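The structure appears below as structure tokens.
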Amino acid sequence: MIGVLSYLVFFATTASILAIAVLGLNLQWGNTGLFNGGVVAFFGAGAYGTLILGGPPQEGMVGGFALTYPMALLGGMAVAGVMAWIVGLLTLRLRHDYLAIATFGVAVAFENLMRNAEWLAGGAKGVRGFERPFREAIGDGFLYNLVFFVAVLLILIATYVFLERLVASPFGRLLRAIREDEEAAQSLGKSPSRVRLTAFVTGSVIMGLAGGLYGTFYAFVSPQDVLPTLTFQVWAMLIVGGAGNNRGAVFGAFLIWGAWTISGWALSRFAPVEAQLYTGSVQFILIGAVIVGMLVWRPQGLLPERLIVSQQGSNPVNKRGE
Amino acid sequence: MIQNLIDGVLTGSYLSLGAIGLTLVMHILRFANFSHAELLSLGAYSALVFDALMSGLVPTLAEKLAPLSLTWALIIAIPFSMIVTGISALLIDKLIFRRVREKGQELSMVFASFGMALIVRNIIGLIFGLSPQLYSKDIAFAMVLSLDPLILIKPDQVFVLVAALILMLILHLVLSRTTFGYALRAVAENPSLAQVNGVNLPRTIMYVWLIGGALASVAGVFYGLSHQLIPVMGRDLVLPIFAATIVGGIGSVYGAVLGGFIVGIAANLALVVLPSGYTPSVPFLLIIIVLMIRPHGLFGEARA
């Protein structure tokens with residue numbers, strides 16, 4: 001019983017962390033129409049940043065700043081934000097394919113750097129030796145995982161509320177205005193490239209937060225954690241859940257992560273031994289098919305964006321009771 | 001250093017071929033097609049199948065054309081593979097991209113191409129296995145061009161370069177001398193105006209996929225000749241090809257050719273200063289540099 005329960009907590013923690021990343025992507029893609037092809041780079045920046053800033057000093061490696069945990073997490077988010085700012089500054093004025101390609105390139109280069117730079121990130125061995133916060137007080141067992149899950153859940157809720165407020169605010173309206181018709185927004189004196197940059201950086205910082213939590217959860221991060229696979233998964237979560245809808249984003253995260261976990265388990269359990277090598281390929285074909293199928297048949301996702309007219313015009317027909 | 005330069009030119013010849021199709025699609029359909037590199041894999045693997053088929057049917061074709069490691073069977077397999085890959089590109093467009101396009105979701109095309117890339121790459125892995133394969137198991141001996149400094153070049157590489165240049169010349173003649181070439185450029189310039197003037201838009205798009213797929217297939221075979229065939233080759237090629245289109249300017253065929261060579265040479269020259277592990281990052285650095293100093297590439301023009 002405790003085994004099942006502890007697995008459920010483990011699953012829900014991972015899904016919640018990914019949901020935070022999906023929320024970040026939803027701000028970029030769902031609300032602003034920015035294609036981020038390198039989600040994993042910003043996620044990874046958060047994870048590596050947190051562990052390097054908060055980890056103990058290690059021989060032959062930069063880092064070991066041993067910052068207190070909140071500072072390390074904020075630092076990781078800042079690394080993600082700075083990376084997004086540089087990429088955004090270079091590409092957001094150009095047509096949208098440039099952002100897609102450049103972000104994809106960031107992810108390739110980031111993974112490549114982490115794999116090779118032993119002095120910075122431990123190379124292929126990754127960053128080890130990170131002390132999880134409050135471990136001395138709570139210990140390492142089930143209780144710690146439960147507490148950590150509650151903390152992640154609270155952060156997820158906080159992120160959700162923050163984004164809901166942001167989207168409902170005048171700034172959120174501006175984002176949608178630019179997504180729908182850039183020139184119209186420009187004619188009203190708004191600066192699309194600056195607003196886009198703000199949204200892009202904010203979304204990436206949220207992905208960095210998710211990455212920081214992920215790194216904390218495992219107390220370890222290696223180049224294997226920053227493969228392009230994660231970008232596909234986060235994208236699939238958003239597309240299936242419903243781009244533009246924060247509830248859809250969270251729902252999609254749990255649904256796809258559940259499907260991914262179950263399909264992986266089923267393939268390893270029921271597939272013949274000689275086919276085990278190919279379970280990864282089958283999973284990728286499935287996730288690719290889910291993405292393409294959704295775009296062809298239900299591009300709005302399972303929970304579509306609800307467009308609300310926030311202020312009714314002075315047209316008397318629209319007035320209540322008339 | 002000179003060796004790196006030569007290797008770079010040879011790398012550039014297949015990157016250019018891949019980039020031409022990509023830049024055309026990006027210009028006319030206006031989306032970054034992340035599945036284009038999978039057409040290279042598709043072409044390379046279908047050539048492998050036709051090569052085996054030809055050698056099986058007519059054993060005399062399986063003999064090597066010394067000093068190349070190339071066989072007649074493989075040379076005959078290339079046009080077949082071009083046709084198969086071109087038609088596959090067309091089918092993928094018909095089944096997936098056109099539907100997404102018609103739903104008015106232009107931006108979603110990019111993502112659909114991500115999904116398509118995953119599907120194609122892993123189906124190839126399922127069919128052909130995950131381990132690398134070669135067209136010919138014989139070792140192709142390198143020729144010594146100069147002893148001081150020692151410069152080596154494989155006969156296959158010379159063949160690849162010459163064949164790539166011939167293909168580019170043919171494409172250049174088609175684009176600059178035929179009505180079809182004019183129509184293509186007109187569509188790229190302004191689709192609605194081209195249609196008003198009697199250009200059949202759907203048919204032009206069809207030809208773009210056919211040409212892009214065919215050139216990608218040759219690029220894939222050439223990559224396979226220079227390195228090895230592996231199902232994830234598309235993953236390693238997608239960024240260099242994108243970099244080539246950005247360096248040359250999206251939409252410019254000549255830019256793509258030049259961009260391909262620049263990316264190939266830069267990646268090989270980088271070996272002089274950087275450890276080889278960092279090579280995959282070079283195209284990204286190149287993209288960043290181009291975006292900083294000349295955002296629309298060498299031959300590109302600003303377009304929203």
Using r as the Cβ-Cβ distance of B:Asn197 and A:Val273, and R0 as 51 Å, what FRET efficiency do you calculate, to the nearest 0.05?
0.25
With at most 11 neighbouring Cβ atoms within 10 Å, loop trypsin sites (Lys or Arg not before Pro) (DSSP) excluded, longest segment of chain A:
A:1-305
Give the separation of the Cα centroids, the range A:229-253 to the range B:246-304, in Å.
32
Mean residue ellipticity (222 nm) of the protein assembly as shown, computed from DSSP H runs ≥ 4 via -39,500 (n - 2.57), nearest 500
-23000 deg cm²/dmol
Pairwise label distance in nanometres, B:Met206 with A:Leu302, each label 7 Å out on the Cα-Cβ vector:
4.0
Taking GluC sites (Glu not before Pro) as exposed when in a DSSP loop with at most 15 other Cβ atoms inside 10 Å, chain B has its longest clean stretch at B:107-300
Along the dipole axis of the range A:2-226 (charges at Cβ: +1 for Lys and Arg, -1 for Asp and Glu; origin at the Cα centre), the most positive-end residue among A:Leu143, A:Gly203, A:Ala80 is A:Gly203
Could you work out the pair-distance distribution P(r) of the range B:23-233 from its alpha-carbon pairs, with 10 angstrom bin width and percents rounded to whole numbers?
8, 29, 31, 20, 9, 2, 0
How big is the Kirkwood radius of chain A, worked out from every pair of different alpha carbons and given in Å to one decimal?
20.7
Tell me, what ³J(HN,Hα) does each residue in the range A:218-231 have, in order and in whole Hz, if you take phi through Karplus 6.51 cos²θ - 1.76 cosθ + 1.60 with θ = phi - 60° and put x for Gly and Pro?
8, 6, 6, 9, 9, x, 5, 7, 10, 7, x, 3, 4, 4
Could you state the per residue volume, in Å³, of the convex hull enclosing the Cα atoms of the protein assembly as shown?
190
Averaged over residues of A:284-291, the number of beta carbons from other chains lying within 10 Å of each residue's Cβ is 6
Over all residues in A:103-113, what is the mean tally of Cβ atoms on other chains that come within 10 Å of each residue's Cβ?
6
Going residue by residue through the range A:242-249, the Karplus relation 6.51 cos²θ - 1.76 cosθ + 1.60 with θ = phi - 60° gives ³J(HN,Hα) values, rounded to whole Hz and with x marking Gly or Pro, of x, 5, x, 10, 5, 5, x, 4
Non-local residues with an amide H under 5 Å from the amide H of A:Val221, with H modelled 1.01 Å from N and Pro and chain starts lacking one, are A:Val127
How much FRET efficiency would the formula 1/(1 + (r/R0)^6) give for B:Arg185 and B:Leu5, where r is the Cβ-Cβ distance and R0 is 41 Å, rounded to 0.05?
0.80
Evaluate the distance, in nm, between pseudo-label points positioned 7 Å from the Cα of A:Arg128 and of B:Asp236 along their respective Cα→Cβ axes.
2.9
Take the alpha carbon atoms of the range A:182-264, find their radius of gyration, then divide it by 2.2 N^0.38 Å using N residues; give the quotient.
1.39
Taking a label point 7 Å from the Cα of B:Ile170 along the Cα→Cβ vector, which residues of the range B:1-31 have an amide N closer than 15 Å to it?
B:17-18, B:21
Can you figure out the FRET efficiency of A:Glu118 with B:Thr178, using R₀ = 45 Å and their beta-carbon distance, to the nearest 0.05?
0.20
Three-way shape label, the range A:113-181, alpha-carbon gyration tensor, a/c 1.5:
oblate
Per residue of A:86-99, what is the mean number of Cβ atoms on other protein chains within 10 angstrom of that residue's Cβ?
5
Cα-based Rg and Dmax for the range B:172-299, in Å, come out at 17.0, 55
Cα gyration tensor, the range A:69-116 - rounded (a/c under 1.5), prolate or oblate
oblate
Going by amide H atoms built from the backbone, whose H comes under 5 Å of the H on A:Leu303, apart from near neighbours?
A:Gly242
For a test of understanding, tell me how many lysine pairs in the protein assembly as shown have Cα atoms under 26 Å apart, given they are 8 or more places apart or on different chains.
4
May I ask for the angle, rounded to the nearest 10°, between helix B:253-273 and the longest principal axis of chain B, with both axes built from Cα atoms and the value confined to 0 to 90°?
40
Karplus 3J(HN,Hα) series, Hz, for the range A:161-169 with 6.51 cos²θ - 1.76 cosθ + 1.60 (x for Gly, Pro):
4, 4, 5, 4, 5, 4, 5, 7, 6
Relative contact order of chain A, pairs being alpha-carbon contacts under 8 Å that are 6 or more residues apart, as %
30
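Any read-out appearing in this document is the output of simple, stated calculations on the displayed coordinates, not a laboratory observation. All of these numbers come straight from a predicted model, not from anything done at the bench. Note that we place each Cβ from the backbone using ideal geometry, even for glycine, and neighbour counts take in every protein chain shown.
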